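The values are calculated or read from the model by the stated rules, or taken from the named source; none is laboratory data. Worth saying up front: this structure is predicted, and the values here are computed from it rather than measured. In this analysis, Cβ positions are derived from the backbone assuming ideal geometry, glycine residues included, and neighbour counts consider all displayed protein chains.
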Amino acid sequence: MNNPEPRVHLLLQDGRRFQTLIDNVQDFALYLLDHEGRISSWNAGAERIEGYPADEIIGRSMSLFLAPEDRASGTLEQALASAAGQGRHEMEGWHVRKDGSRFWAHTVLQAIRDDDGQLAGYASIARDITQRKLAGETLERASARLLQAQRLEAVGQLTGGIAHDFNNALSVIVNSLDLLASRLRSASDIVVLEKAQRASERAADLTRQLLAFARRQALAPERLDLNALIASAEPMLRRACGPSVRLAVAPGAEPRMVSVDSQQLLQALLNLVINAREAMPHGGELAIRCDSVVLAERHAAANLLPGSYATVSVSDTGIGLPPDLVPRAIEPFFTTKQDGSSGLGLSQAYGFAAQSGGGMIIDSAVGKGTSVTMYFPLAPAATDKPPVASVAGRAGKVLIVEDDQDVLDLATRIFQSLGFDVLTAGNGLDGVAVLERVRDIDVLFTDVVMPMGMSGIELARFTRKVCPQVRILLASGYPMEVLRAEYGDLDDFAFIGKPFRWTELLEKIRAVQEAA
């Protein structure tokens, strides 16, 4: 008869080895549960991860270290039922350690059955995957920011292209109305004309806002004190708030010098104030604050480079926006209002701040209001520049190069009214052909964006080489900053933005002549 004692000894020895192995696992919490979810064994890894020693946790429910919200929703009961029915259940959620700190846990519950198939309990393996979760969330946020930036860039390119073409049509409409205004005598006709002029001005404003979002508006930056500008605009901003909104303006104590277009900044500020007012239909409080900040590293959310910035924030106590709508708030024509608003206020402010070398951040929460902060780089110390001498102008010969026939006809009439002899071309290559035949041209007036593979800037540079005496005036709906980014240095050329009024073109022509 065989002696069972050696076999029992081996089994006991194997059991001790297995228990030693379990006890020395530090990176996983390994424990057994009875069929009601009470803990019956506890290893060293569980004590390290969950924070409870074995003598404080054995016999207590696993729900002790689940997050309160999971306990309230019956997460443990659902997990045990799933493991009992399916044999296995995986879940992730917050666990609360004995000291109150939280970590994100990945837990696997495995049902244990006896020889008769009856449920005896559960084996649980849990581990701390907080770092993985945080890394995933960071990657998700970065991906979302990238997708948002790509979408805004695509929308900006489309918007800028549409606005550029619309400017050509507006130039003809606006100037034709101005020419008609000088001829009409009937009071009823004048009333109709004035309505058309007001409508064209609104269309021009709309185009400027679209170009602002696309960061392609023509800016006239000047060195100014941000605090002083906002303080001077306070009366206008108070009127824009209306009687039910209490406005507090807090300019900084020290000057904050920036280089921005003052009119566009005031327009952006007014847009933000009007948005805030409409977010408080029953009244509330609105605060405008100036401050300064130094960014030691790149601010990814607002695409701000390291450096020193002046900030202007507009904060309200209005209804706020849900998190999913905050990134979309700056998209053109996106609005949550039902009053026919254009949805361009935040777009203009965002585009202006970005084109000025800064950025914009929106913080908002439903029921807690909204704060919009524009960032502008602090300007370097001022340097004095000598005044530019002027010389009396004279009429002469002009070459007008424009692919839009209506704009070409309009420019021709304006130059002829100044006494110029006018030559025309419909594209850059035709312009080159004219220059090769006629060398005594005094002024070249050319659109920048043209067909046939030669831009107005390329034509201007060709003209500078073959006819260096020619004064050059460029016309475009895009600002010089955008054109410089694509074509390089353009300081040798004068520039007028589209849509231009005939009076503006006259002033530019005279300025070009005087600078000769």
ASP115 being under 28 Å from GLU56 (Cβ atoms), surrounded by fewer than 16 Cβ atoms within 10 Å (Cβ to Cβ) and not polar (S, T, N, Q) = no
Verdict on ALA72 being among the hydrophobic types (A, V, I, L, M, F, W, C) and closer than 20 Å to ASP27 by Cβ | no
When every residue in the stretch 479-497 that is outside any helix (DSSP H, G or I) and out of contact with any strand residue (DSSP E or B) (no Cβ under 6 Å at 6 or more places or on another chain) is compared, the one modelled with the lowest pLDDT is PRO479
Output for the stretch 230-256, where each listed residue is farther than 21 Å from ASP316 by Cβ and either crowded, with 16+ Cβ neighbours inside 10 Å or among the small types (Gly, Ala, Ser) (or both) | SER232, ALA253, ARG256
Output the residues belonging to the stretch 406-421 that are among the charged types (D, E, K, R) and out of contact with any strand residue (DSSP E or B) (no Cβ under 7 Å at 6 or more places or on another chain).
-> ASP406, ASP409, ARG413
Checked VAL449, VAL434, VAL438 against criteria (in contact (Cβ under 8 Å) with a residue 40 or more places away in the chain, surrounded by fewer than 19 Cβ atoms within 10 Å (Cβ to Cβ), farther than 23 Å from VAL174 by Cα and of a type in the set (Val, Ile, Thr)); the one match is VAL438
Could you give me the residue pairs with C-beta distances under 8 Å whose first residue belongs to the stretch 93-121 and is not assigned by TED's automatic domain parsing to the domain that holds ASP70, whose second residue is assigned to a loop (DSSP other than H, G, I, E, B) wherever it lies, and which are 6+ apart or on separate chains?
-> none
Could you list, in sequence order, all residues of the stretch 240-266 that are charged (D, E, K, R) and either in a loop (DSSP other than H, G, I, E, B) or under 19 Å from ALA349 (Cβ atoms) (or both)?
-> GLU254, ARG256, ASP261
